[in-house]
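What follows is a single structure, written as structure tokens, with notes after it.
The values are calculated or read from the model by the stated rules, or taken from the named source; none is laboratory data. All values derive from a computational prediction rather than experimental measurement. Note that each Cβ is placed from the backbone with ideal geometry, even for glycine, and that neighbours are counted across all protein chains shown.
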């Protein structure tokens, strides 16, 4: 595993201080719990190399910053927004280039105020994915550089992926 | 001067709009605009049963539809906790790699046509038919195959499939040498590619670019190796990388990937075990979440499905590699000439079907 | 084959015929302006008139030859491309004579199509662009003789142009203005960029081209096509001036805007370049004239470097000339369909940094050969 | 008469055009010209079909394949042009989303007449698999007149070539001469 980690580490990148190579899942859980003891909950190991954690939305930005800078999660794969009865859940799938590890970070917002902090300043790749979530699900991302509709025309009045939207599908 | 390139423009290969601000012939700002092909697939999936979604997943990307239906089936199998028979996995891997070659050949055709070498377009399109024929023999269709099923594949391989695949791989490797003569041997092609669209490793990693553009920036990140799925751990291959970060590196990475795909197809059809090719899948999925990640020809494809105990998914989210990659267009384009737009954006292998969903 | 005598004969016969008619009319109706008919008949039969009509007929003949050649060129282009690309090219149209009628069908279809002038276009420029482009190209064509006695500008009537080669290049160089005018007046960003590129490209490739042509002038000691071709009686200039011939071909490709240097109409980046807004027959004229310029280019290369109409006497002179021009054109097409397109800064770089010094070197070689007295 | 004198030159040209063309069209000269030219013009028009180089979805790929060596639509004089100004046929080969609809309509309006529209594939005909989506127009014929429908999802290249031949037949049935054609 150690050999593998160095082999896939990109050249010229600084190795983060607490980079995990061996038994990554437990290490991630431990360091997250140490840093955010009150806001990180509900750990679960979903499969080989996939960890799920929930975080309250007030700590989301700090947690993402910590994940990128300290734990080496450099790649934000996907941002998905899911609507439930009472809340919206925003699921971040974060992985790192070096080790086979995928973190599923879930945060939830109430229905009357669907807004979370934007992580665009941490991962540039989040820019359009957040815009897409805003477009289709109506979630507001605070501090986003340009929160506009991206897939639908600018004058659309609805957010189609919400369950109360009945047109089409 | 702001200039719209699209939605109808020969450069776009699909349906999107690149707004560039030019100063003379130099690009000073760029802003891609997508959404012209938005079909609302995520919403459509919520009202269809799990089996009905497979054809729609096929139509996500017209360049490599098999990868997407395979990804969908993998995701739902993860949700249902299904075990796929090994023969089905081998058939899947062989067909996906054929699809990858076909997709890369289509990219090469479009790229050559963009750069003005019509001969490249014609030759690659001609040789792509070999693999399209193989896939047609396997699945019965040319572009949208509807072949993977939840828990396996639709049917067994046709007779003589192994022989034909091996022949096709030999033919392809011969032809790839020819393309290398045609393109790498051309001074003009090298002039148009080397040092154009330089995309540093740090930017590529920050902006979430995956697939050949990322590997062409020197990052060895291939989900087939890094987070192996299906039977890829048993295959012997090496993800292609290139340290140059420019358009030529992207071209080289894709060419090398085609060689690797030939290798994988050979191993897959030779190692293919006997047995069943399809497991019985339940009609309803349990409540919970499922996740699938594959290495699409264009990057990291990902699906996230939320089941609620019924026969329809509660939510299906699709991560499209091109959607994220095209958002990095500004970083690549600024500072180059108008003529480089076709080389840079063509080098990303745009497939708008999956980006707009 | 003597074009002038041929045309003179026809015109003379026609004038005689008309004269007889007039005289007959004058005899039949003597009471009704009889003298007038006789006077008109005498006037028509004057030598000056016959010469003028002869030259007009010559122009017509050359025009017909040019148009047939252009149709052939488009057909050869498509068929040759087809052979390179593993397909047939046009095939099913007309009487299945290899798809030769395809070009005629295209032309007639474009004639039937609606002609659109964009609402915000500059009307005068938009109309003038194609006119200048087509007419300047035909003027350049008119100066090139196809045989010793087969040309307009160099005929034995004494009305020919003395420096016909110089004239040809002068007319050939008008085209960038037409392209610039039509690109600017279309009021479209792509056409504007295409027009600008065209102007930059043509002007920068004009200079090395004329320098190589100057070396030919130096060796032949004349600005006239007749003298240049007859100076190549012993040895074609392509052999002593091999470097110059290559430079000339490269510049020619840039001048007639085909593939490696077809930046003004680069299809992938500028939709159709400077012809984007033109529809119907105006576009047809542009397309036809671009092939006509290919023909002119082949003819110029033939006349200046490949010995013109010199060849074994079995075949008539104009046919020799056309065979050589066709071969040059096919070589250009070969380049066209197998190379990618260069970028505009690279194009200018090639023009100024590579071709210019080489053209100077070529001129030096020619001058030293002349000084040594080899020519 | 006073009106005629008060004409400006432009008006005069317009008036003369109208009157002369009207007279010509109605007179035996007009019908004679039409009779002489219609076969020829019709032959030219149907043998040189330039579709617009415009790809939307899966069928666009088959459109590209149809011009590649194996299927070779160029045999029939089919050449793809990139600008709508020089095209005869608008080949709609995919679902038309609501965001694309104005752009497609504009492309159709920019094409010079006579022009035809081919709807290729199920998506363009009726919306196809996306018929009930919130952002797809169910069928391109809702806002553009369509002449030829090519079914298939995606339509195969042979089907596309067959569509072009059907279009040729359709043009052949509808002959127009020099004067009636304009």
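Observations on the model:
- For the stretch B:45-59, a residue qualifies if it is within 14 Å of chain A (Cβ to nearest Cβ) and either under 20 Å from residue A:129 (Cβ atoms) or over 22 Å from the mean Cα position of the chain (by Cα) (or both), and the qualifying residues are B:45, B:46, B:47, B:48, B:49, B:52.
- Residue match in the stretch A:119-138 (condition: modelled with pLDDT of 85 or more and away from every other protein chain (no Cβ under 14 Å)): no
- Taking the stretch D:100-109 as the range and being facing another protein chain (nearest Cβ under 8 Å) and out of contact with any strand residue (DSSP E or B) (no Cβ under 8 Å at 6 or more places or on another chain) as the test, the residues that pass are D:100, D:103.
- Test result for residue C:145, under 18 Å from the mean Cα position of the chain (by Cα) and buried (at least 18 other Cβ atoms within 10 Å of the Cβ): yes
- Among the residues examined, residue C:191 qualifies as within 14 Å of chain B (Cβ to nearest Cβ), modelled with pLDDT of 80 or more and surrounded by 24 or more Cβ atoms within 10 Å (Cβ to Cβ).
- Residue within the stretch B:188-201 that is in contact with a strand residue (DSSP E or B) (Cβ under 6 Å, 6 or more places away or on another chain), buried (at least 21 other Cβ atoms within 10 Å of the Cβ), on the phi > 0 side of the Ramachandran plot and modelled with pLDDT under 85 present: no
- Residues of the stretch B:15-44 that turn out to be away from chain A (no Cβ under 14 Å) and within 23 Å of the chain's Cα centre (by Cα), as a count: 1
- Residue D:97 surrounded by 23 or more Cβ atoms within 10 Å (Cβ to Cβ) and within 11 Å of chain C (Cβ to nearest Cβ): no
- Of the helices (runs of 4 or more DSSP H) entirely within the stretch B:145-233, those holding at least 2 residues that are in contact with a helix residue (DSSP H, G or I) (Cβ under 6 Å, 6 or more places away or on another chain) and within 13 Å of chain A (Cβ to nearest Cβ) occupy B:201-206, B:212-216.
- Residue check, residue D:48 modelled with pLDDT of 85 or more, within 25 Å of the chain's Cα centre (by Cα) and over 30 Å from residue B:120 (Cβ atoms): no
- If you check A:66, A:43, A:88 for being modelled with pLDDT of 75 or more, touching a helix residue (DSSP H, G or I) at 6+ places or on another chain (Cβ under 8 Å), surrounded by fewer than 21 Cβ atoms within 10 Å (Cβ to Cβ) and in a strand (DSSP E or B), only one passes: A:43.
- In a residue-by-residue description of the stretch A:141-151, the property of being at negative phi, modelled with pLDDT of 85 or more and outside any loop (DSSP other than H, G, I, E, B) applies to at least one position.
- The set of residues in the stretch D:113-156 that are surrounded by fewer than 22 Cβ atoms within 10 Å (Cβ to Cβ), within 20 Å of the chain's Cα centre (by Cα), within 13 Å of another protein chain (Cβ to nearest Cβ) and touching a residue at least 24 places away in the same chain (Cβ under 8 Å) comprises D:114, D:115, D:116.
- Matching entry among B:108, B:66 (being within 14 Å of chain C (Cβ to nearest Cβ) and surrounded by 24 or more Cβ atoms within 10 Å (Cβ to Cβ)): B:108
- Only one entry of D:129, D:154, D:112 meets the criterion of being in contact with a helix residue (DSSP H, G or I) (Cβ under 7 Å, 6 or more places away or on another chain), part of a loop (DSSP other than H, G, I, E, B) and farther than 30 Å from residue D:31 by Cα, and that entry is D:154.
- Residues in the stretch A:69-85 that are crowded, with 21+ Cβ neighbours inside 10 Å and closer than 16 Å to residue A:27 by Cβ: 3 in all.
- Complete set of residues in the stretch A:43-58 that are within 13 Å of another protein chain (Cβ to nearest Cβ) and in contact (Cβ under 8 Å) with a residue 24 or more places away in the chain: A:46, A:48, A:49, A:50, A:51, A:52, A:54
- Helices (runs of 4 or more DSSP H) enclosed by the stretch C:303-375 - at least 2 residues per element that are within 14 Å of another protein chain (Cβ to nearest Cβ): C:317-338, C:344-349
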